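Undergrad: Have a look at the structure that comes next, please.
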Amino acid sequence: MKILTISDVEVQELKEDVLRRKFRNIDLILSCGDLAPEYLTFVREKVDAPLYYVRGNHDLRYRQSPPVGCMDTGFTITRINGLNLLGIPGSRWYNGGQNQYHETQMRLRLLRLYPALWRCPADIIFAHSPLRHLHDAEDRCHRGFRCFHNLIRRVKPCFFLHGHIHASFRDDTERISTISTTSVINCCGYYVFEV
């Protein structure tokens, strides 16, 4: 299965017809947040693949105007084409806005998911925020969640995808880190991989 991940930055390549050809054989699109609902609708229509998303800290219009034909997977486990996906929305709390969580709040949300994850372990976890001290930053808004480390240890997904941290990469190896058997990938802009 070929998966396109997107987050945080609208990418010109996905908007141009000529360059869009390289996204032809995509089977699934995962959005890690902070993209306009219209952009998600556009990408889903042009790439012609199912799109699942989590909300980022700037995704405030999704309730009034959700992306058309896209599935919100915040704090749910979804099975698609033989893969179990877990979506985790939001960022660390920094000003009390929507889609922001204190570390304790996020830990409690994940604890409620563990019984389901023991029955159906997630192959791919996609979140808006990164893990604490891995791909994150030190300002209040961009710190990752410590409880994600425990989640990866317990669930052992093949991939942990995130957005939230805007970065430019000279090549794709710069966006990938590994924890045990889990590839942790910053999906800022876009990234394509196969499972």
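The values are calculated or read from the model by the stated rules, or taken from the named source; none is laboratory data. The shown structure was predicted, so the numbers you read here are calculated from the model rather than taken from an experiment. Every residue, glycine among them, receives a Cβ derived from its backbone with ideal geometry; neighbour counts consider all protein chains shown.
Undergrad: Please find, among Val54, Val11, Val43, the residue that is within 21 Å of Asn186 (Cα to Cα), modelled with pLDDT under 95 and surrounded by 23 or more Cβ atoms within 10 Å (Cβ to Cβ).
TA: Working: Val54 fails: modelled with pLDDT under 95; Val11 fails: surrounded by 23 or more Cβ atoms within 10 Å (Cβ to Cβ).
None of the other options fit; the residue is Val43.
Undergrad: Next up: Which residues, taken from the range 161-174, are farther than 12 Å from Ala127 by Cβ and touching a residue at least 40 places away in the same chain (Cβ under 8 Å)?
TA: Matches in the range 161-174: His166 only.
Undergrad: Condition first: over 22 Å from Arg79 (Cα atoms), buried (at least 21 other Cβ atoms within 10 Å of the Cβ), touching a Ser or Thr at 6+ places or on another chain (Cβ under 7 Å) and in contact (Cβ under 8 Å) with a residue 12 or more places away in the chain. Can you find one or more residues in the range 142-149 that meet it?
TA: Checking the range 142-149: at least one residue is over 22 Å from Arg79 (Cα atoms), buried (at least 21 other Cβ atoms within 10 Å of the Cβ), touching a Ser or Thr at 6+ places or on another chain (Cβ under 7 Å) and in contact (Cβ under 8 Å) with a residue 12 or more places away in the chain.
Undergrad: Scan the range 179-195 and report the pairs whose first residue is farther than 11 Å from Cys32 by Cα and whose second residue is in a loop (DSSP other than H, G, I, E, B), with Cβ atoms within less than 6 Å and a gap of 6+ or a chain change.
TA: Thr182/Pro157; Val195/Met1
Undergrad: For the range 122-178, give me each residue that is modelled with pLDDT of 95 or more, more than 23 Å from Glu194 (Cβ to Cβ) and polar (S, T, N, Q).
TA: Scanning the range 122-178 gives Ser129, Asn150.
Undergrad: I would also like to ask the following. Quick one: in the range 20-40, of everything that is part of a helix (DSSP H, G or I) and surrounded by fewer than 21 Cβ atoms within 10 Å (Cβ to Cβ), which residue is modelled with the lowest pLDDT? Outline the logic, then answer.
TA: Narrowing the range 20-40 to residues part of a helix (DSSP H, G or I): 20-23, 37-40.
After this cut, where a residue has to be surrounded by fewer than 21 Cβ atoms within 10 Å (Cβ to Cβ) as well, the list is 20-23, 37-39.
Values: Arg20: 64, Arg21: 71, Lys22: 74, Phe23: 81, Pro37: 96, Glu38: 95, Tyr39: 94.
Checking each candidate, the answer is Arg20.
Undergrad: Let me ask something additional. Could you list, in sequence order, the residues of the range 109-142 that are under 16 Å from the mean Cα position of the chain (by Cα) and assigned to a loop (DSSP other than H, G, I, E, B)? If you could, list the steps in order and put the result at the bottom.
TA: Taking the range 109-142 as the starting set, the residues that turn out to be under 16 Å from the mean Cα position of the chain (by Cα) are 110, 122-132, 134-136, 142.
Hits for the range 109-142 are Ala122, Asp123, His128, Ser129, Pro130, Arg132, His135, Asp136.
Undergrad: State all residues of the range 57-94 that are among the charged types (D, E, K, R) and either assigned to a strand (DSSP E or B) or crowded, with 16+ Cβ neighbours inside 10 Å (or both); if no residue qualifies, say none.
TA: Hits for the range 57-94 are Asp59, Asp72, Arg79, Arg92.
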